[in-house]
1. Percent relative contact order of the range 317-365, based on C-alpha pairs within less than 8 angstrom and at least six residues apart?
2. Would you please put 343-356, 165-178 in order of how densely packed they are, using the mean number of other Cβ atoms within 10 angstrom per residue and starting with the highest?
3. Using a Förster distance of 51 Å, how high is the FRET efficiency between residue 91 and residue 293, based on the Cβ-Cβ distance and rounded to 0.05?
4. Sort 109-118, 218-227 by packing, meaning the average of other beta carbons within 10 Å per residue, with the highest value first.
5. Who wins for biggest fluctuation among 93, 201, 339 in a Gaussian network model of the chain, springs between alpha carbons below 10 Å?
6. What label, among (i) 1.16; (ii) 1.04; (iii) 0.97, belongs to Cα Rg over 2.2 N^0.38 Å computed from the structure on display?
7. Below 8 Å, C-alpha to C-alpha, sequence gap of six or more: please give me the relative contact order for the range 25-315 in percent.
8. Over the range 283-382, what relative contact order in percent results from Cα pairs under 8 Å that are six or more residues apart?
């Protein structure tokens, strides 16, 4: 897989790198980008084999919220069949290995996880990147990861786990930090199996009976913002874990995306001043991804294919950011340096974690010339 294949003619300053489930974890955790959820009952194999969605690199087949409980057995059979189909297509030469997206499943609970896992075969595991654990907390997390470790040992393969922190016990202020400290201990114990930490903005909103409108971001909802802030505080220190942003619920497919005259100013300037770019639904998504980046989140969950290229485009790194990051990482003796744009201070030690994150994002999503290039990257009709 490689990001931005929907726009093959785009000229990068530094090209994004190829990746698959066997890529070194230190890079792979930055590569997921827009991670699209879909019901486990959906047969997505034909789209994978045909390359129908070149921009999509990461999918999650869901046995939980997107799948009625009475359909779970059917969904499990479908996913097992899909994994076999993909592996067999690679072995027969029908599908190039680099065209296989990262495929995850979101289980319902430990019992269902074990039921699904006991039916897995070595052939299927070759095309499965990992498992998403919903409502992950300090009580259920150990059992999830212990069984995941068993699967890895059984098949001699790599299957990653991605906890989804969305449990009401984390939403409640009086027990949130206890829960997060407990969760962090679990993640640290199974560090090599943790690919990303995911968060559930919709579930947190539900606890408080709120829902952000299309003109607001998740960061405007105070109770949810506090949850996200504490998750980043505990799990995001010193780049310990990559944390992805929550889902954006609104979509309206833009009919045309031809903005060669835009922006006269930076993309961020347009979005923050509410100058229309695409439409309310997409502009809201773009605005929220900019806030994700400002707060340290990488990639996000998406529930609609029209969101994929917008999220992944904004994960690309500008040349100025990249040059600053390389400058900082190249001066290990410390000190203060003038930024490459002659417009900021680069203080080596305090900015090192930022620089490392920028360089990893650059490897995953590429380096573009400047802010104007974001629109050129996503403004193509697929």
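Values quoted throughout were computed directly from the atomic coordinates according to the rules given, and no laboratory measurement underlies them. Quick caveat, the model's predicted, so the values are computed rather than measured. Backbone-built Cβ (ideal geometry, glycine too); neighbour counts: all protein chains shown.
1. Numbers: 54 pairs, mean separation 21.7, N = 49.
For the range 317-365, the relative contact order is 44 percent.
2. Sorting 343-356, 165-178 by mean packing, highest first, produces 165-178, 343-356.
3. Working: r = 39 Å, r/R0 = 0.77.
Between residue 91 and residue 293 the formula returns 0.85.
4. Numbers: 109-118: 15.5, 218-227: 18.0.
The densest-packed peptide leads the list: 218-227, 109-118.
5. Most flexible of the set in this elastic network: 93.
6. Identified label for the calculated read-out: (iii).
7. It comes to 19 percent, rounded to a whole number.
8. On the way: 103 pairs, mean separation 30.7, N = 100.
Relative CO of the range 283-382 lands at 31 percent.
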